[in-house]
Amino acid sequence: MSDWILPLIVGAATGVLSGFGVGGGTLLLVYMTAFAGVEQHLAQGINLLYFLPAGLMALPTHIRNGYLEKPVLLPAIGAGLVCAALAAWAATAMDVALLKKFFGGFLVVVGLMELLGRKKE
């Protein structure tokens, strides 16, 4: 019965982070692969299904507060759709061990950018 408590807590925490726009889905992917023992390809699929409703729930608030740059929406959405399709194709064709290394490298780069990045004035 208690097998659902930790996933519930992680889902809630990553949902809050997704609402803030901080990449809760990425953290959910880390939890699933590093701690829950979910295989990388399966975790990616679960993460995609998780992100859709989480993003849709946060979007109205961001729209209402004017946090969308309307001139860049269509180009960003178009580029995102094309690149997401290409990356999904590449990820499913890639060996899981290599995919984990790429994902780990991505997390290291993002972490370093956050730690060492310039402060905005």
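Where a number appears in this text, it was derived from the coordinates with a stated rule and is not lab data. These numbers were taken from a predicted model, which means no experiment stands behind them. FYI the Cβ positions are ideal-geometry reconstructions off the backbone, even for glycines, and counts take in every protein chain you see.
Are any residues in the stretch 48-88 in contact (Cβ under 8 Å) with a residue 12 or more places away in the chain and farther than 24 Å from residue 107 by Cβ, and if so, which ones?
57, 61, 62
Can you name every residue in the stretch 81-120 that is outside any helix (DSSP H, G or I) and exposed (fewer than 11 other Cβ atoms within 10 Å of the Cβ)?
95, 117, 118, 119, 120
Taking the stretch 69-121, which residues are of a type in the set (Val, Ile, Thr) and over 19 Å from residue 27 (Cβ atoms)?
72, 77, 82, 92, 96
Being hydroxyl-bearing (Ser, Thr, Tyr) and either assigned to a helix (DSSP H, G or I) or surrounded by 12 or more Cβ atoms within 10 Å (Cβ to Cβ) (or both) is the filter here; which residues of the stretch 48-80 pass it?
Answer for the stretch 48-80, where residues must be hydroxyl-bearing (Ser, Thr, Tyr) and either assigned to a helix (DSSP H, G or I) or surrounded by 12 or more Cβ atoms within 10 Å (Cβ to Cβ) (or both): 50, 61.
Which residues, counting only those in the stretch 23-47, are outside any loop (DSSP other than H, G, I, E, B) and without any contact (Cβ under 8 Å) to a residue 12 or more places away in the chain?
34, 35, 42, 45
Could you tell me whether any residue of the stretch 48-64 is within 26 Å of residue 100 (Cβ to Cβ), polar (S, T, N, Q) and out of contact with any Asp or Glu (no Cβ under 8 Å at 6 or more places or on another chain)?
no
Under 8 Å by Cβ, and 6 or more places apart or on different chains, what pairs join a residue from the stretch 1-22 that is in contact (Cβ under 8 Å) with a residue 12 or more places away in the chain and surrounded by 10 or more Cβ atoms within 10 Å (Cβ to Cβ) with one that is of a type in the set (Ser, Thr, Tyr) and not in a loop (DSSP other than H, G, I, E, B)?
10/31; 11/50; 14/31; 14/50; 19/61
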